[in-house]
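Let me begin by presenting the structure, written as structure tokens, before commenting on it.
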Amino acid sequence: MIRPAELIERKRNGEELAGGEIAELILGYARGEIPDYQLAAFCMAVYFKGMTSAETYALTDAMIASGRTLDLGAALGRKVVDKHSTGGVGDKTTIAVGPIVAACGVPVGKMSGRGLGHTGGTLDKLESIPGFSVDLSVDRFIAQVKEIGLAIIGQTEDLVPADKQLYGLRDVTATVDILPLIASSIMSKKIAGGADAIVLDVKVGDGAFMKTLEDAHALAQTMLELGRHASREVVCLLTDMDQPLGAAVGNALEIAEARDTVRGEGPPDFTELVLDACSRLLALSDLGIDVEEGRRRAEAAVADGSALAVYERWIRAQGGDPDPGALPRAAVMRELRAPIGGYIARLGAIDVGHAALHLGAGRRAKGDEIDHSVGVICRAKRGALVAEDDVLAEVHARTEEEARWGVAEVLAAYEIGDLPPPERPVLLDVIA
Ligand code: URA
């Protein structure tokens with residue numbers, strides 16, 4: 001029987017803990033036998049002292065063992081591929097990738113999360129579609145993946161329950177941005193969800209948990225090791241989160257943009273990331289093709305309308321109306337105009353994320369109601385050349401007053417300079 005206070009002290013002093021000790025701590029916490037305050041102190045000790053690979057494996061295994069696991073591969077009789085993003089601003093990638101990959105003949109059954117703070121969650125975005133339900137039973141989820149090739153639902157209560165508890169605790173104890181804790185949180189959910197091969201989109205920049213390329217590399221490397229340890233194939237894309245992804249930030253606005261992208265009319269940076277993620281998922285699948293062929297097939301599915309057809313079937317199957325005209329619209333729209341001419345030197349992702357949050361698009365605390373209609377559309381992105389009074393962004397708000405505040409906040413996200421900023425592509429690196 002472990003003594004949690006002793007484990008906290010040993011971790012605080014930089015000692016390596018045994019796998020069995022970590023398992024007892026996490027499973028005891030999941031059963032409610034170890035209180036929040038001891039786990040919070042443990043997480044803070046990990047912040048200062050880190051974890052060895054063996055400790056991180058043990059933590060991930062314990063998280064998986066805290067609940068049930070799903071064998072989606074056996075249910076579908078196919079190799080299962082999955083994707084996951086570490087979270088960012090304007091990140092609606094899953095909503096566009098799912099239909100394209102499914103249209104290429106690879107089934108996608110995904111459990112997604114909600115947003116907290118300035119990062120949005122796929123479930124919240126999907127719920128802006130009138131009638132759409134993210135609460136399907138596991139049986140219906142599997143049946144829909146078989147029938148349509150695509151289903152996206154909320155994570156079931158019994159899949160990695162330790163992560164649910166621990167993430168909530170980390171969120172209020174300044175212990176979210178800790179590499180081994182992020183890696184084990186993400187990988188435990190992917191492994192328990194039954195993915196054989198996983199594409200991880202590791203966001204890098206001011207709107208992401210990982211602010212530098214160096215930190216993102218380290219996170220990617222840890223997740224690759226956790227995948228290998230569990231005999232899963234993992235590819236990590238390191239992608240830009242110094243500016244919002246695409247143009248739209250806000251739930252219904254992002255759904256419209258994801259749909260535009262599925263029909264080949266999305267913003268260039270978002271389209272590039274979506275097609276890259278699709279081609280890597282297809283290359284990892286049981287189709288037996290390489291990344292170049294995956295890219296060709298993904299582009300073809302967009303061009304010939306088959307991806308849009310899957311999108312519409314999928315939204316209808318989950319009770320939603322796929323017509324973009326049915327999406328909720330904010331009462332007020334105000335344009336933000338350039339105070340001077342020049343190049344957009346910076347468009348801070350975190351600032352735009354906060355503006356959308358304050359407009360009502362996100363939650364400040366768990367359980368907060370969100371407004372699906374509000375948000376920001378960034379018409380001018382980093383590197384664009386604008387003239388004085390050109391439209392930089394649109395602010396979609398509930399009231400005139402909130403729109404005024406939103407315009408001021410989004411204006412603070414922009415820096416306009418005389419020279420074009422250094423190029424920073426959306427795809428910064430690939431690690432496999
Ligand atoms: N996403 C997760 O699922 N877990 C983390 O800890 C951070 C981002």
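Each Lys or Arg adds one and each Asp or Glu subtracts one; over the other residues with Cβ under 15 Å from the Cβ of GLU233, this totals +2. Each Lys and Arg adds +1 at its Cβ and each Asp and Glu adds -1 at its Cβ; summed about the Cα centre, the chain shows a dipole of about 720 debye.
Each Cα pair under 8 Å and six or more residues apart adds its separation to the average, and for the range 183-237 the resulting relative contact order is 46 percent. Taking the alpha carbon gyration tensor of the chain, multiplying each eigenvalue by 5 and rooting it gives semi-axes of 34, 27, 21 Å, largest first. Distance between Cα centroids, the range 227-262 to the range 314-366: provide it in whole Å. If we compute the Cα centre of each part, the gap is 16 Å. Averaged over every viewing direction, what's the projected area of the C-alpha convex hull for the range 133-255? Give it in nm², one decimal, please. So the mean shadow area of the Cα hull is 8.9 nm². Across the range 380-389, coupling constants 3J(HN,Hα) worked out from phi with the 6.51/-1.76/1.60 Karplus curve, θ = phi - 60°, read 10, 10, 3, x, 6, 9, 10, 9, 3, 6 Hz, and Gly and Pro carry x.
Legend: residue pairs LYS125/LYS381; LYS92/LYS211; LYS79/LYS164, Cα-Cα distance threshold 24 Å; pairs beyond threshold, LYS79/LYS164. Estimated from the Cβ-Cβ distance and a Förster radius of 41 angstrom, the FRET efficiency linking ARG31 and GLU335 is about 0.15.
Annotation note: GluC sites (Glu not before Pro) in the range 294-370 located in DSSP loop regions with a Cβ neighbour count of at most 13 within 10 Å are GLU369.
Remark: the ALA309-GLU9 segment gains 102.3 nm on full extension, using 0.36 nm per residue and subtracting the alpha carbon distance. DSSP finds beta bridges in the chain, and of those with both partners inside it, around 55 percent are antiparallel.
Rounded to the nearest 10 degrees, the inclination of helix 36-49 to the longest alpha-carbon principal axis of the chain is 80 degrees.
Can you give the charge dipole size of the range 180-289 about its Cα centre, rounded to the nearest 20 debye, using +1 on the beta carbon of Lys and Arg and -1 on the beta carbon of Asp and Glu?
460
Take the Cα of ASP158, step 7 Å toward its Cβ, do the same at ALA300, and the gap between the two points is 4.2 nm. Can you find, among TYR343, ILE431, GLY131, the residue sitting farthest towards the positive end of the charge dipole of the chain, where Lys and Arg contribute +1 and Asp and Glu -1 at Cβ? The Cα lying farthest towards the positive end belongs to GLY131. Sparsely packed loop sites in the range 284-366 (the trypsin sites (Lys or Arg not before Pro) outside DSSP H, G, I, E and B with at most 16 other Cβ atoms within 10 Å) comprise ARG329, ARG364, LYS366.
Put a dot 7 Å past the Cα of ALA143, heading toward its Cβ, do the same for GLN221, and the two dots end up 4.8 nm apart.
Here the simple spin-label model places points 7 Å from the Cα toward Cβ, and for ALA18 and ASP368 these points are separated by 4.5 nm.
Think of each Lys and Arg Cβ as +1 and each Asp and Glu Cβ as -1; about the Cα centre, that makes the dipole of the range 312-386 roughly 320 debye.
Every number in this text was worked out from the coordinates using simple rules, so none of it is lab data. Just so it is clear, the model here is predicted, and its values are computed rather than measured. No Cβ is skipped: glycine too gets one built from the backbone with ideal geometry, and neighbour counts run over all protein chains shown.
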